[in-house]
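Trainee: Below is a structure I'd like to ask you about.
The values are calculated or read from the model by the stated rules, or taken from the named source; none is laboratory data. All of these numbers come straight from a predicted model, not from anything done at the bench. All Cβ positions, even for glycine, are placed from backbone atoms using ideal geometry, and neighbour counts span all protein chains on display.
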Amino acid sequence: MAAAAKAASERWQTAAPRRRSAARQPRRKEVAAGGRETDLEANTKIVLRRLQEAENDLLISAFWSSALETVSRCLTELLGQQKPPGRTLPEAFGSLHLDSPLGEPDVSHASSSGETLAPKTCHMKCVCYGIGNFATCITARIQLAFLLLFLDKCQTPRSHCWVYDPLFSPLEIAVLNTLGVTVLRENEEGKRSVRGELTVFYMLHCGTALYNNLLWSNWSVDALSRMVIIGNSFKGLEERLLTRILQKNYPYIAKILEGLEEVEFPQTPEYMDTFNDTSVHWFPTQKLKRVPRDLWTFREEPDYEGCEDLEIIRKTADPPTVSPP
């Protein structure tokens, strides 16, 4: 009995140090997770730095001041038709300071004259679809830099800007969260209502169906008169597509052509590929009221059945849950 007890005691003493040593060693999964978090943080800083560089380049370009003036003119016209009348953009619109880092959202900027365009002035919101993989694509990165500068110029809080692209990577989502914009979790397919608020839709180089869906979601004089679309030229779509194709596949674009105003973005050699075929679209109330009344009775939701070359990623249903055996 004594010999057996002694042997058992020796076995316990031998095993104990191994157990304590194992407790001190980090688990492999924990090490891997920590490494991934470190990489994501480092890569986020890299993308933010590149965005800042793109912003700096835009600010010193002739394109920026000209494009901003174009958007400003359209917004001024739009604000002037609101009931009750909205305040027009101040003449000092182009002189507001834009010197905050991209990683610091919602910073108010004052003009040198003391005049500001605060969020309460026009309650503007912004929705951005299809910006692309800006972490790896310089064109998409410049387009995002322009959007961020525009939000700051209008003093629209970045949290009032909704952004979505089904191709966003986890890194890009992390960058957008750092910037302070609101990343949408689901694919709306462009079907978002302005809900009575002035909304700018920033949709560069998006599929035609996305614009058609957006118009369908706001198919009324009141809603359309409160929105601005910065995106592919509707006039260009009319010229490129056969009339029967435009009317069949994209009926809301076809029907609204006579009710909109379109101003082309300026073109400069430096940003020719980035902002080509881009226009600012808005819908004057007086023009919309002159459209035949029966046009507004057509409210069928687009389905694009049989539509070839559909250039959007459709919303997919969640896969069915399978119970374990």
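Trainee: Return the residue satisfying two criteria in turn: it lies in region 241-255 and is more than 25 Å from the chain's Cα centre (by Cα) and outside any helix (DSSP H, G or I), and of such residues it is surrounded by the fewest Cβ atoms within 10 Å (Cβ to Cβ).
Mentor: LEU242
Trainee: Still on this model: So which of THR136, THR156 is part of a loop (DSSP other than H, G, I, E, B), more than 24 Å from CYS74 (Cβ to Cβ), over 11 Å from the mean Cα position of the chain (by Cα) and among the hydroxyl-bearing types (Ser, Thr, Tyr)?
Mentor: THR136
Trainee: Find all pairs meeting these conditions: Cβ atoms under 8 angstrom apart; at least six residues apart or on different chains; first residue within region 291-310 and touching a residue at least 24 places away in the same chain (Cβ under 8 Å); second residue basic (Lys, Arg).
Mentor: From region 291-310, the pairs are VAL291/LYS255; LEU295/LYS255; PHE298/LYS255.
Trainee: Within region 288-296, is there a residue that is touching a strand residue (DSSP E or B) at 6+ places or on another chain (Cβ under 8 Å) and either among the β-branched types (Val, Ile, Thr) or under 25 Å from ILE131 (Cα atoms) (or both)?
Mentor: no
Trainee: Among the residues of region 273-302 satisfying the criterion of being within 21 Å of the chain's Cα centre (by Cα) and part of a loop (DSSP other than H, G, I, E, B), which is farthest from ASP222 (Cα to Cα)?
Mentor: Just the residues of region 273-302 that are within 21 Å of the chain's Cα centre (by Cα), to begin with: 273-282.
Now narrow it down to the ones that are part of a loop (DSSP other than H, G, I, E, B): 273-277.
Working: ASP273: 35, THR274: 32, PHE275: 29, ASN276: 30, ASP277: 27 Å.
So the residue we want is ASP273.
Trainee: May I pose another question? Residues of region 183-230 being out of contact with any Lys or Arg (no Cβ under 9 Å at 6 or more places or on another chain), of a type in the set (Phe, Trp, Tyr) and over 22 Å from ARG158 (Cα atoms), which ones?
Mentor: The answer is TYR211, and nothing else.
Trainee: Does any residue of region 30-37 turn out to be more than 16 Å from CYS154 (Cα to Cα) and either polar (S, T, N, Q) or at pLDDT 95 or above (or both)?
Mentor: Within region 30-37 (the criterion being more than 16 Å from CYS154 (Cα to Cα) and either polar (S, T, N, Q) or at pLDDT 95 or above (or both)), the answer is no, since none of the residues qualifies.
Trainee: Sticking with this structure for a sec: Quick check on my filter: what residues within region 225-267 are among the hydroxyl-bearing types (Ser, Thr, Tyr) and closer than 18 Å to ARG290 by Cβ? Talk me through it step by step, then tell me what you get.
Mentor: Of the residues in region 225-267, the ones among the hydroxyl-bearing types (Ser, Thr, Tyr) are 225, 233, 243, 250, 252.
Answer for region 225-267, where residues must be among the hydroxyl-bearing types (Ser, Thr, Tyr) and closer than 18 Å to ARG290 by Cβ: SER225, TYR252.
Trainee: Could you go through region 162-176 and let me know if any residue there is free of Cβ contacts under 8 Å to residues at least 40 places away in the same chain, closer than 27 Å to GLU270 by Cα, assigned to a loop (DSSP other than H, G, I, E, B) and not hydrophobic (A, V, I, L, M, F, W, C).
Mentor: Yes, region 162-176 has at least one match.
Trainee: When you look at SER217, is it hydroxyl-bearing (Ser, Thr, Tyr) and more than 17 Å from THR70 (Cβ to Cβ), yes or no?
Mentor: yes
Trainee: Continuing with the same structure: For residues in region 261-272 being touching a residue at least 12 places away in the same chain (Cβ under 8 Å) and in a helix (DSSP H, G or I), which is surrounded by the most Cβ atoms within 10 Å (Cβ to Cβ)?
Mentor: Filtering first and then ranking leaves TYR271.
A quick yes/no check of all residues on (1) modelled with pLDDT of 50 or more; (2) exposed (fewer than 10 other Cβ atoms within 10 Å of the Cβ):
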site	(1), (2)
ALA4	yes, yes
SER21	no, yes
GLU41	yes, no
VAL47	yes, no
PHE63	yes, no
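Trainee: Moving on to the next point. Output the number of the condition that SER233 fails; it satisfies all remaining conditions of (1) surrounded by 18 or more Cβ atoms within 10 Å (Cβ to Cβ); (2) polar (S, T, N, Q); (3) in contact with a Pro (Cβ under 7 Å, 6 or more places away or on another chain).
Mentor: With respect to (1) surrounded by 18 or more Cβ atoms within 10 Å (Cβ to Cβ); (2) polar (S, T, N, Q); (3) in contact with a Pro (Cβ under 7 Å, 6 or more places away or on another chain), SER233 is out only on (3).
Residues are listed down the side, and each one gets a yes or a no for (1) in contact with a Phe, Trp or Tyr (Cβ under 8 Å, 6 or more places away or on another chain); (2) at pLDDT 95 or above; (3) more than 23 Å from GLU188 (Cα to Cα):
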{"site": "ARG226", "(1), (2), (3)": "no, yes, no"}
{"site": "ILE230", "(1), (2), (3)": "yes, yes, no"}
{"site": "LYS248", "(1), (2), (3)": "no, no, no"}
{"site": "VAL280", "(1), (2), (3)": "yes, yes, no"}
{"site": "PRO284", "(1), (2), (3)": "no, yes, yes"}
{"site": "ASP294", "(1), (2), (3)": "no, no, yes"}
{"site": "ILE313", "(1), (2), (3)": "no, no, no"}
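Trainee: Also: Residues to consider are GLU186, GLU238, GLU258; find the one that is over 30 Å from ASP57 (Cα atoms), among the acidic types (Asp, Glu) and outside any helix (DSSP H, G or I).
Mentor: Answer to the check: GLU186.
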